[in-house]
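**Student:** I'd like to ask you about the structure that follows.
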Amino acid sequence: ATHLSGKLVDLFQLCETRMSNQSHYDFGLRALKTLLTTAGALKRKAVEEQGSLSADEILSAEKEVIVVGAFNNVVPKLVEDDLDIFA
């Protein structure tokens, strides 16, 4: 999870600098906390569904829930011109 945290911060910083300036965009700590809360819930659900997981499976699940969480939390707020930048 430690290596993913740096990538998330980088993602939010890139969004802040590369996307258009919209009043409803929030790429600060509040948005990061929301993403991590969502990703944590998705990870718990994945672990419950699959039972015990190996370290590699946990790492893979963490990566997947971060990507899903990012799309679920960021993409719906983007204006059309910024969708290509995020994708």
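**Student:** Scan segment 47-62 for residues that are β-branched (Val, Ile, Thr) and more than 17 Å from residue 5 (Cβ to Cβ) and jot them down.
**Tutor:** Quick first cut of segment 47-62, residues β-branched (Val, Ile, Thr) only: 47, 58.
The answer is 47, and nothing else.
**Student:** Residues of segment 1-15 being in a helix (DSSP H, G or I) and either open to solvent by 90 Å² or more (accessible area, probe 1.4 Å) or hydrophobic (A, V, I, L, M, F, W, C) (or both), which ones? Spell out how you get there, then give the answer.
**Tutor:** Taking segment 1-15 first, the residues in a helix (DSSP H, G or I) are 2-15.
Across segment 1-15, the qualifying residues are 2, 4, 7, 8, 9, 11, 12, 13, 14, 15.
**Student:** Among 64, 48, which is under 12 Å from the mean Cα position of the chain (by Cα), over 14 Å from residue 11 (Cβ atoms) and at pLDDT 85 or above?
**Tutor:** Numbers: 48 fails: under 12 Å from the mean Cα position of the chain (by Cα).
Unique residue meeting the criteria: 64.
**Student:** Just a yes or no: is a residue in segment 16-29 assigned to a loop (DSSP other than H, G, I, E, B), of a type outside the set (A, V, I, L, M), surrounded by 14 or more Cβ atoms within 10 Å (Cβ to Cβ) and touching a Lys or Arg at 6+ places or on another chain (Cβ under 7 Å)? Before you say what the answer is, go through the steps one by one.
**Tutor:** Applying the first criterion (assigned to a loop (DSSP other than H, G, I, E, B)) to segment 16-29 yields 19-28.
Filter once more, so that each one left must be of a type outside the set (A, V, I, L, M): 20-28.
Among the residues that remain, those that are also surrounded by 14 or more Cβ atoms within 10 Å (Cβ to Cβ) are: 25-27.
Narrowing further to those that are touching a Lys or Arg at 6+ places or on another chain (Cβ under 7 Å): 25.
Within segment 16-29, one or more residues are assigned to a loop (DSSP other than H, G, I, E, B), of a type outside the set (A, V, I, L, M), surrounded by 14 or more Cβ atoms within 10 Å (Cβ to Cβ) and touching a Lys or Arg at 6+ places or on another chain (Cβ under 7 Å).
**Student:** Every residue in segment 43-86 that is exposed (fewer than 12 other Cβ atoms within 10 Å of the Cβ), under 29 Å from residue 16 (Cβ atoms) and either of a type in the set (Gly, Ala, Ser) or in contact (Cβ under 8 Å) with a residue 12 or more places away in the chain (or both), please.
**Tutor:** Matches in segment 43-86: 79, 81.
The values are calculated or read from the model by the stated rules, or taken from the named source; none is laboratory data. On a predicted model such as this, the values are computed, not experimentally measured, just so you know. Backbone-built Cβ (ideal geometry, glycine too); neighbour counts: all protein chains shown. Heads up: the accessible areas ignore ligands, DNA and RNA and are worked out on the full protein's heavy atoms, side chains in. Shrake-Rupley method; radii C 1.70, N 1.55, O 1.52, S 1.80 Å.
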